[in-house]
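Everything on this sheet refers to the single structure shown next.
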Amino acid sequence: DCALPIYVAGEAKNETAATAAMEQLLRDFPEGTLAEAGLLSFGGARAREASPSGRRRVLEDFLKHSPDSKLTPAVRLAIARTCEQERAWTNAVGQYDELLAASPEPTMQARAEYYRALAVWHTGNTTNALDLFTQFVTAHPTNLFAPLAQWWIAQHYFGEGDFREAEVHCQKLAGNYPTSPLRHEAILLAGRAAFARDLHAEALGYFTNLTSDASCPAEFQAQALFASGDAFMSMAKSLGETNETAQANYREAAKRFIHVSEVFTNSPIALLAQGALGRCYFQLGAFDPAQYEFASNTLARVIESPAPVAARSEAECMLALVSEKRSQLEAFQSVSVDLWRRAQDHYLNVVYGTNLRDGETSDPFWVKFAGLKALNLAEARQLWPQVIKLCDTLSEALPTLKPQLEKKQIGRAHV
């Protein structure tokens, strides 16, 4: 194979050898097709291990000397790829435009159209990229890149918050390309789009499709199972705390979170499932106070786990809420006060960052949540020095809250 020396030199990270081999190939076979594989290898060599500009000079020199060569489309494609490696997206688009203006053979044209759409997106022109990807799927429905283009479209609509369109395009991908590796991920995103539209039963249909599909990769099965738990949780919350159907939905959610944490133990989602399970038990506590004990044990495991700081901070705040609920139910004043103190300690762990590990920084959302909760508890107990200290800490950590916190400080400074 004439392209073999280029491939071998590229794998050996020998830029000089690869360039020499490409120069010889273009010189010896300027009108043939033997150089096409080499051009693709040469233009697509790893950017971090080779010089895109050096390879581009060789290719551009060939175009100057052989502008009418049959290899011109492949050369322009290779030049465009070197531009992409330098993130010179506008230049890449120009190369694709010139390539397409020459009406290359169908396979080359489809490849160039897809890469051009991607390059246009990288220039920041999302509207034009959407048009190009949409045109691509219409013009080349059976092309190798068609599922990728369809996936880009679906993700675009999801990211823009147009969940209906996102769901439609996910359905098209899953239906039109049943053997695509993207099929399962598309079904998962369709379910999330339906969930975002509060179509919980529809969302559960997508998620169940994946969890019952033996061919579905474990990664997507875990995510679908977790998402189905979220769907049951959301349905339960919409029914209210005293509704029996809500209780049943919380229990269904708990089953799914337990399954995720027990079956997919080597996946990070297992730790997230533990946190979600703690939230489930907390909600079930409104029906059966004994569930608060399960919530406490589950959330404590999350806090001690290697979960990310945001997940551990959420668990800390949830554990504080559990302690608050239990203190309200406790008949003995001493026990109630002890539970209140535990709640305050958990909130303050998040506010003051005592739950952080080496190299971690506090999660702003949970600092705000914990800070305001701790502030309410301190005010309820008339612990004014603690109120003032919390106001100082939160004003520094969350500047947007500073005006309202300063009012609290002024009101309590002389108490």
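Here are some notes:
- Straight-distance crosslink candidates among lysines, where the alpha carbon sits under 19 Å from Lys237 and sequence neighbours closer than 8 are dropped: Lys255, Lys325
- Three-way shape call for segment 333-397 based on the alpha-carbon gyration tensor, with the a/c threshold at 1.5: oblate
- Relative to the dominant Cα principal axis of the chain, helix 364-380 is inclined by about 10°.
- If a spin label sat at a point 7 angstrom from the Cα of Glu219 along the line to its beta carbon, no backbone N atom of segment 155-173 would be nearer than 13 Å.
- Theoretical ellipticity at 222 nm over the chain - DSSP helices of four or more residues, -39500 (n - 2.57) apiece, nearest 500: -24500 deg cm²/dmol
- Relative to the compact-globule estimate of 2.2 N^0.38 Å, the Cα radius of gyration of segment 61-198 comes out at 1.18.
- Chain lengthening between Glu202 and Ala102 when straightened (0.36 nm per residue, less Cα-Cα): 31.3 nm
- Segment 349-415 and segment 215-254 have Cα centres spaced 33 Å apart.
- Protection proxy ranking of 364-372, 395-403, 273-281 - average other beta-carbon atoms within 10 Å, highest first: 273-281, 364-372, 395-403
- Net length available on complete extension from Phe365 to His122 is 84.4 nm, with 0.36 nm assigned per residue and the Cα-Cα distance removed.
- Cα-based shape type of the chain, given that a ≥ b ≥ c are square roots of the gyration tensor eigenvalues and the cut on a/c is 1.5: prolate
- Taking only the Cα atoms of segment 152-258, the radius of gyration and Dmax are 14.2, 46 Å.
- Rounded to 10°, Cα long-axis angle of helix 384-397 versus longest principal axis of the chain: 10
- For segment 325-337, 3J(HN,Hα) computed residue by residue from phi via the Karplus equation (6.51, -1.76, 1.60; θ = phi - 60°) reads 4, 5, 5, 6, 8, 6, 7, 8, 4, 5, 5, 4, 5 Hz, glycine and proline entered as x.
- Within the assembled protein chains, the solvent-accessible surface assigned to Arg197 is about 90 Å², based on a 1.4 Å probe.
- Using alpha-carbon coordinates, inclination of helix 146-159 to the longest axis of the chain, degrees: 30
- Prolate/oblate/rounded call for segment 149-213, Cα gyration tensor, a/c under 1.5 rounded: oblate
- Accessible surface of segment 291-373, 1.4 Å probe: 54 percent of it comes from carbon and sulfur atoms.
- Using θ = phi - 60° and Karplus 6.51 cos²θ - 1.76 cosθ + 1.60, couplings along segment 206-215 (whole Hz; Gly, Pro as x): 5, 5, 5, 3, 6, 5, 9, 9, 5, 7
- Signed unit charges on C-beta, dipole axis of segment 96-236, positive-most listed residue Asn128, Leu189, Met108: Leu189
The values are calculated or read from the model by the stated rules, or taken from the named source; none is laboratory data. Only a predicted model underlies this, so the values are computations on that prediction, with no experimental measurement involved. Because the Cβ atoms are built from the backbone with ideal geometry, glycine has one as well, and the counts that use them run over all protein chains shown. The protein model used for the area step is the full one, side chains on, heavy atoms only, and it has no ligands, DNA or RNA in it. Shrake-Rupley method; radii C 1.70, N 1.55, O 1.52, S 1.80 Å.
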